Amino acid sequence: GTGKNLLAEATAGEFRANFYHVRCPELVGQNTGSGAERIRGAFEAAAASRPIVLFLDEIDSIGSRKQVQGNGTDAGGGGREYNSLVTQLMQSIDQYRQTDGLTNYLDGLEPTLIRDGRFDARIRLDLPNESERKEILAALLRPARWKHHDLSAIARRTPGWSPARLKSLT
């Protein structure tokens, strides 16, 4: 709710790149191995549409810490399947990381997934302050037909609002 999606879309627009939004929970499949196949497919589709900003939304749903394996710890095999998703995600990032034109919450992610070399930059997005909310409102209203007026009062009355919530207001 802090504007990660909006920032990713705006970045793609600024660089005249395609934008590919992937909801990671939708990559998890019902059948063994289908999740890894979907992850590979998402990266292949992104690579075929270069230049692109590939936005992995809710990555923590498939990139959380690996499940402990051992005697008696994974009777149903769900942990092994989950670990294969994390491994496939790491392999896909590594494979496409060097491809020209392909460009959440970190504490709960598998450390080897977010190591240097896979993700070189980390950006913290906080909720916008009053002046940032005013700028966001102006940007959201720019393409619309509206009677221009000072947005300060609205920005002042919307503390704690995310860019997504401001977008719904407009």
Worksheet item: At a probe size of 1.4 Å, how large is the accessible area of residue 99, to the nearest 10 Å²?
Response: 30
Item to complete: Please calculate the 1.4 Å probe accessible area of residue 116, with all protein chains present, and give it to the nearest 10 Å².
Response: 110
Worksheet item: Given a 1.4 Å probe and the protein chains all in place, what does the accessible area of residue 115 round to, in Å² to the nearest 10?
Response: 100
Discussion item. From the protein chains alone at 1.4 Å, what is the descending order of accessible area for 38, 142, 133, largest first?
Written reply: 142, 38, 133
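The values are calculated or read from the model by the stated rules, or taken from the named source; none is laboratory data. From a predicted model like this one, the values you see are computed outputs, not experimental measurements. What goes into the accessible areas is simple: the full protein's heavy atoms, side chains included, and nothing from ligands, DNA or RNA. Shrake-Rupley method; radii C 1.70, N 1.55, O 1.52, S 1.80 Å.
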